[in-house]
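Let me begin by presenting the structure, written as C-alpha cells, before commenting on it.
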Ligand code: 13P
C-alpha cells in the first residue's frame, strides 16, 4: 500500500523566538510547494506557541521534541502531553538518540512517553538507531529491534498505525555521513518486519519509517526512492527554509 511521504524538521536546541519567526516566514513562502507530502517542523518548547501561530493556515504542521509521561506534578524541567496538545502541536519526537545519549533516555521511558503522547492525541515519531560501534560489531539489527520492541511495547494495533518510526543511525547524525540508500533500505525493511511481528503485516504496511542522518537536498531523492523509506527526519538542513524544501520537493 502507498504510504504518504512525511518530512519533519527537528530544529534541536536552535532558534530564539525571533530566529524562529524568520524561519517561519521562509517556510510560509514555500508552503505552496508542500504537494502530496506531510510536512512538519519541531521547534524548542519556548518557540512552539509562536511557530504554531505563524504556520496556522498552512499545510505545515508542528511537533515537539520530547514529552513527559505523567499528566502533571513534581517533574522539574518536563512538559506533559496535554500541555503540548494545548499549544496546538500535532507531533512529538520521542527517544531521539541525543536524548538517549545525553539524558539517559531508555526504551522503557520511550515507551512511557509514547503511550502518554498517544493518550493525549499526539502523533509520536519514535526514534531508533545504532551507534558506529554497534554497526561495526554487526549489532545493528539487534539494537534497532530491541529499541523498537521496547519503545512500542503494549501499543494496540490501532495506536501503532498512527505512529512514525524514525531510523537514525547515530553515526550519520550531524556528521555529513549518510547511510547509502541500500544500507538504509536494508534496515527499514528489517524494521518493517519487526513491526509486522508486533502488530501484523497490515499495520506494519501503514507505519511510516523515516530516515534521519545528514539528509539534505542532494541525497534525499535517492533515499526517498527506496521502497521502505517513507520520509525523513531532518536536523541541520531543516534550519534553512530552502534546504528543507529542497528535501520536501525531491520527495
Ligand atoms: P542531521 O540532519 O543534522 O544529521 O540530524 C539528523 C537528526 O538527528 C534529526 O533528528
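So, by mean Cβ neighbours within 10 angstrom, what's the order for 202-208, 70-76 with the highest one leading?
Details: 202-208: 17.6, 70-76: 9.0.
Highest-to-lowest ranking by the protection proxy: 202-208, 70-76.
What percent does the relative contact order of region 1-160 come to when contacts are Cα pairs within less than 8 Å and at least six residues apart? Before the final figure, lay out the partial values.
On the way: 240 pairs, mean separation 27.3, N = 160.
Computed value for region 1-160: 17 percent relative contact order.
Viscosity 0.692 mPa s, temperature 37 °C: Stokes-Einstein D of region 64-179 from its Kirkwood Cα radius, in µm² per second? Show your work: numbers first, answer last.
Values: Rh = 14.6 Å.
This corresponds to a translational diffusion coefficient of 224 µm²/s.
Quote the FRET efficiency, to the nearest 0.05, computed for residue 70 versus residue 18 with a Förster distance R0 of 41 Å and r equal to the Cβ-Cβ distance.
Given R0 = 41 Å and the Cβ-Cβ separation, E is 0.80.
Taking only DSSP H segments of four or more residues, each worth -39500 (n - 2.57), what value at 222 nm results for the chain once the sum is divided by all its residues, to the nearest 500 deg cm²/dmol? It would help to have the intermediate numbers written out before the result.
Working: 12 runs with 114 residues, N = 251.
-13000 deg cm²/dmol, from helical runs alone.
Using Cβ contacts closer than 10 Å as the measure, can you line up 198, 183 from fewest to most?
In order of increasing Cβ crowding within 10 Å: 183, 198.
Quick one: order 115, 177 by neighbouring beta-carbon count within 10 Å, fewest to most.
Final ranking by Cβ density, sparse to dense: 177, 115.
Only bridges whose two residues both fall in the chain count here: according to DSSP, what percent of them are antiparallel, nearest 5?
Taking every DSSP beta bridge within the chain, about 0 percent pair in antiparallel fashion.
Which of rounded, prolate or oblate describes region 208-251 when judged by the alpha-carbon gyration tensor and an a/c cut-off of 1.5?
On the way: a/c = 2.09, a/b = 1.56, b/c = 1.34.
Here region 208-251 falls in the prolate category.
What's the extension gain from residue 119 to residue 136 if we count 0.36 nm per residue and subtract their Cα-Cα distance? Don't skip to the end; give the middle numbers.
Details: separation 17, 0.36 × 17 = 6.12 nm, distance 3.79 nm.
2.3 nm is the gain from fully extending residue 119 to residue 136.
What are the radius of gyration and Dmax of the chain, computed over its Cα atoms and given in Å?
Gyration radius and largest Cα-Cα distance of the chain: 16.7, 48 Å.
Compute the distance in nm between two label points, each set 7 Å from the Cα along the Cα-to-Cβ direction, one at residue 189 and one at residue 175.
Going from the residue 189 label point to the residue 175 one covers 2.4 nm.
Starting at 0 and stepping by 10 Å, how many percent of the alpha carbon pairs of region 1-70 end up in each bin?
The calculated distribution, bin by bin, is 20, 51, 23, 5, 0.
Mind sorting 188, 68, 96 by how few other Cβ atoms lie within 10 Å of their own Cβ, fewest first?
Values: 188 23, 68 20, 96 27.
Fewest-to-most Cβ neighbours within 10 Å comes out as 68, 188, 96.
From the alpha carbon gyration tensor of region 175-251, can you work out the equivalent ellipsoid semi-axes (sqrt of 5 times each eigenvalue) and give them in Å, largest to smallest?
Values for region 175-251, descending: 25, 12, 10 Å.
Rule-based calculations on the coordinates, nothing more; no lab input. Computed from a predicted structure; not experimentally measured. Neighbour counts run over all protein chains shown; Cβ positions are idealised from the backbone, glycine included.
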